[in-house]
Amino acid sequence: MSDLVTGDAVVLGLRPARLPSRALAILLDLALYVTAYVLIGVGLTLATASLDPAAQAAIAVASFLLLLVGIPIAVETLSHGRSLGKLACGLRVVRDDGGPIRFRHALVRGALGVVELLLTFGTVAAIASLVSARGRRLGDVFAGTLVVRERVPGARVMPVPAPPPWLAGRFTQLDLSAVPDGLWLAIRQYLTRMNQLDPQVGAAMAARLADDLVARTGAPPPAGVPAAAYLMAVVHERQTRDAARAFRAAAPPLAHASPAAPVASGFGPLPAPAPYVAPAPVAPAAPAEAPRAGGFAPPA
């Protein structure tokens with residue numbers, strides 16, 4: 001699907017970061033992490049001077065993994081791909097479809113970053129970034145991520161148009177787990193640019209994307225639904241599921257409320273109810289006159 005989105009990605013603001021800006025961001029992050037590692041390492045060395053060499057070596061390895069591997073993974077996960085170095089350079093790590101990264105993406109990037117950045121002094125990462133068309137290192141390739149530039153003058157990401165109201169809730173049972181991120185990115189970029197394309201070219205592109213989406217979901221194409229409307233409805237369904245999943249993860253558990261104790265009132269006791277009085281018998285009404293025939297047929 002790269003042939004559908006290569007030219008559009010620049011206009012939509014998904015501009016891949018190149019080697020100079022990425023190298024500067026990595027150097028800033030490494031300078032911060034190495035400084036913290038040296039300071040904490042000196043403190044641990046003084047604190048563990050009375051221990052045996054094996055314990056000191058174990059503490060040194062644990063501090064190395066925590067500060068130079070664990071902390072960067074935690075920072076990228078909590079900041080959604082914006083470490084201090086990337087924030088200073090205006091960069092951000094996103095998924096291939098443009099969405100925010102999660103822990104598994106940061107874990108893969110951090111684990112491979114030990115080999116690419118630390119053990120080889122950035123040589124492997126630099127070569128991979130130069131060879132890649134979008135400037136990705138090996139950690140980005142295996143994690144399915146991309147480092148993009150956020151501060152782009154004049155670039156504005158357009159929202160995906162809403163589907164027609166008659167398609168709302170029609171694809172709630174659709175299985176979207178097999179749809180790759182690259183196809184989501186292509187669909188999103190098409191929907192944000194569909195009004196700027198030639199009608200014939202846009203219709204052909206929508207049909208192609210809809211066929212790819214139907215093949216990935218395993219469900220037959222809906223009868224009588226245009227391809228563009230089908231793409232809008234499926235993207236809206238995916239966004240709804242992501243929002244519901246994020247809300248369930250962020251919402252705190254509800255505490256079971258105990259029954260409230262009766263509150264004393266300043267009013268006196270309620271008056272006793274009045275005795276029941278049976279209603280007087282009513283004379284039967286005269287039979288109603290049958291309706292006369294009219295010009296309208298009765299409802300079935």
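The values are calculated or read from the model by the stated rules, or taken from the named source; none is laboratory data. All figures in this text were calculated on a predicted structure; none of them were measured in a lab. Note: ideal-geometry Cβ built from the backbone for every residue, glycine included; neighbour counts use all protein chains shown. Note: accessible area is taken over every heavy atom of the protein model, side chains too, but ligands, DNA and RNA are not part of it. Shrake-Rupley method; radii C 1.70, N 1.55, O 1.52, S 1.80 Å.
Using only the alpha-carbon atoms, what does the stretch 49-111 span along each of its principal axes? Please give whole angstrom values in decreasing order.
Reported extents, whole Å, longest axis first: 51, 24, 14.
Once R0 is set to 41 Å, what does the formula 1/(1 + (r/R0)^6) return for the Cβ-Cβ distance between residue 80 and residue 201, expressed as a FRET efficiency to the nearest 0.05?
Calculated transfer efficiency: 0.75.
Leaving ligands, DNA and RNA out of it, rank 96, 198 by accessible area with a 1.4 Å probe, largest first.
These residues rank, largest area first, as 198, 96.
So, in nm, how far is label residue 141 from label residue 162 when the simple model puts each one 7 Å beyond its Cα toward the Cβ?
4.3 nm
Residue separation times 0.36 nm, minus the C-alpha to C-alpha distance between residue 177 and residue 40: what's the value?
45.0 nm
Test of understanding: what is the full-extension gain from residue 58 to residue 170, defined as 0.36 nm times their sequence separation minus their Cα-Cα distance?
34.6 nm
How far apart, in nm, are the 7 Å Cα→Cβ label points at residue 49 and residue 223?
8.5 nm
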